[in-house]
Every structure is written in C-alpha cells, then in structure tokens.
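Each value in this text was obtained by applying a stated rule to the coordinates, not by laboratory testing. Since the structure is predicted, the reported quantities are computational estimates derived from the model, not experimental observations. Cβ sites come from the backbone with ideal geometry, for glycine too, and all protein chains shown count toward neighbours.
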Amino acid sequence: MTPLSPLDAAIDIAGPMADVSARNRVLEEVAKARFRLGRLEDALNGLKNAPNEKAVLRQLAIDAVNKNDADSTATILRRLVALDAESAPLAGRLAASLLDRGKPEEALSVIRSVEQPFENDRTRYDFVAKLLEHDRFGDARKLTETFKDTAFCDWARLAWAKRLATLGRRTEVEKVIAEFSSLEKRAWAYLEAARCSPTLREFLRQAGTILETLEVDKTNAEAVAIQRRIIGKALWNVGEQESARQLLESSEAALSIIGDPFRRLRAHCFLAGVIRKIGVLDSVRNYLDIATLRTTAFTPTQRSELLQWLAEASGNADDWTLAVREAATEEDETLRSRRIVDILRRFSYTIDKPTPTGAPDLDAVLLSGEEFEERYYSPFTVDSCDC
C-alpha cells in the first residue's frame, strides 16, 4: 500500500466528519498548505464548491503577494472574480502592496489580471501616483486615460509634473503643466514642481508670471489672492525680492475684491503676517481695518477667530488676550469653551514651534492659519473628497 502524504491523510480523515465546519476547516488548511508547497492548481481544485472558498482565495491571494508571486496572485484573483465579481478591487490593493515592495512589473501584472481592478478613481489615482515614483510613465498614462472624473486626471498630471521635476526634466515638466486648462492650476503646478526641483527659482518665476496675468473678479478673487500670497512668499524666501513684492502687492489688490467681509479680513490677516515676517510691514494693526470687526455683524466666534489670526500676524500677546475675551461673549457655553480651548492650544505652540505632521486635523492646531493654508490650500482640491 502506498503511504499517504500528510495532506492525503488529512483529506481522508476529514471526509467522514459529521461536523461540516470542522471538515471544511481541515480542507481549507489543506488547500493553503498545497499552495505553500507550490501546488497551486491542486490547492484551487481542492477548494471547488467549498463553503468558504472565496475567503480562502482572498487569503491565498494575499499570501501570493507576500511571496512576490505575481503569476499565482493573478491566477487566484481570476478564480475569485469568477465566483464574485465584486472582489475585483482586491487586485488594486494587492498591486499597490507590490509597488510598496518595489515590484512595479509584478504590480502591473496583477492589475491586468482582472477587468475592474480598482474600487474607484481615488484608489486608481493612488496607484498611479505610486507607479510614477517608479518612473513607469507610459503605464501611468494608460491608467490615467481610464479615469471617469476629470479632476483625477489633473491630480495624475500634477503628480507626473512633480516626478519629472524631481528628476530635473524641466522641458517635460513644462509640457505637462501646459496641458492644464486652468491658469490657476498651471501656476500652482509650477509651485509644486518648484518644491521638489533643483531649478526652483525658475519654476517659481513662471508661477508668478502666470498669476500676474490672471484677470481677477469676485468669483476668483480669494483663490487668486491666496496663490499670489503663497507664491510671493516663496519667491521672497529664495531671494527674488522684487518679484515677491509685486506678487504680494497684487495679492492685496485681489483680496480687496473679496465680497464676504469675514473671508476678506481673514485673507488680510494672513497677508499681513507674511509681509510683517519678511520685514516690509511695521504695524499689522495699522495695516488691517480692525474697526470692521465691530461694525460688521460677525458672530462672537467669527470675531474671536479674526482676533486670533490678527494675533498670529502681529505676534502681539495682547491680541491673543483679546481673542479669548471675545470668545467669552459667546452665549453657548459649549461653543465658548471650545473656542477658548482652540485659542489656548494654538497660543501655546507660538513659543515652541512644532514640526508639521502632514495630518490636517492636527496641523490645524499646530500651525498658524496662514501656515496651514500655505500647506493645505490647492486649486486641485475636490469637494467632498477628504483630500
């Protein structure tokens, strides 16, 4: 009699078990063992019609990725999707894991194994961005062409420009940025490229030139004012003082058009903070129209927020006190306490400057309003996308 292998013996023993779940548990483990031993087809054949076939296949696919075995991953995924079409997005998640391991070819092989490997445009974009880090530009472009939402096409294009800038491929950066239909996005793309490029000054100059030529009206005044302030500050920081002055002055002109008095004063506070820090402004209070705080129908919370931004811009401790006192006029004690806590948290970080974390919720406390906006504002932001 031919001796049985441990796997064959386990199958024979499991067969007569009355407890179905116990029997299936053994058979599932046999399938996993067969896979680990390099017997993928036997493993898949042994799973046919098993109650937990889909769950085991998912685990086998993960195990295959952990072994960097793209061929087995693709085979398992095809079998899984044939059983359950909604399992297809697992391919995108597993492929992203392979990219993280530095295996772009294997990742692309997994992506190609099913028709719909991504759950949505966001997960597709995340994969494209990672793919660009491996300089797979041609493959990234093919995936970009499949986006349903054009906003994600712009995201991918921006990631493309940043990667090219990192590699110092200036001419190609300019070609990619020229594809943006919006001048605001072109200017911002040059800023993003400058942040990761050895030719930083030139990209910043190009961003400033675009912003100077933009026509400003009430619909875009705030966005343009923000961009001119941020890029003007960046130009100043790299020694381009004259260009910076011009852009900061044009930022001031743009924000004067903002219709909403709260947002206009907010923008004024942020601009005042920048021009004080670069030594162009002596007194923030003389620059800002503080009287508007009292003559405009702001809520206590809004007035307190504006006074906090004034304090950040001026660096004056008395202005922080004013912000707290204004928050105290809020009738709702819960809102009052929350506002005061927010002020004190932010005030405590003005002494010991923290390092930005990259987490917006935390950085909203750690950074001044102007610094937070500089880090997180973008004309590429998509509403309701948590991005």
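Output the residues belonging to region 68-101 that are charged (D, E, K, R) and more than 29 Å from the chain's Cα centre (by Cα).
As a first pass, look at region 68-101 and keep what is charged (D, E, K, R): 69, 71, 78-79, 84, 86, 93, 100-101.
Passing the criteria: D69, D71, R78, R79, D84.
Can you find, within region 177-231, the residue that is surrounded by the fewest Cβ atoms within 10 Å (Cβ to Cβ) among those that are β-branched (V, I, T), without any contact (Cβ under 8 Å) to a residue 60 or more places away in the chain and in a helix (DSSP H, G or I)?
Looking at the filtered set, the residue picked out is T213.
Cβ contacts < 9 Å: first residue in contact (Cβ under 8 Å) with a residue 24 or more places away in the chain and farther than 24 Å from A161 by Cα, restricted to region 356-381; second residue assigned to a loop (DSSP other than H, G, I, E, B) and among the polar types (S, T, N, Q), any location; separation 6+ or different chain. Result?
Pairs found: S368/T350.
Which residues, counting only those in region 268-285, are of a type in the set (K, R) and either within 17 Å of Q241 (Cα to Cα) or buried (at least 22 other Cβ atoms within 10 Å of the Cβ) (or both)? Break it down into steps so the answer makes sense when it comes.
Filtering region 268-285 for residues of a type in the set (K, R) gives 276-277, 285.
Correct list: R276, K277.
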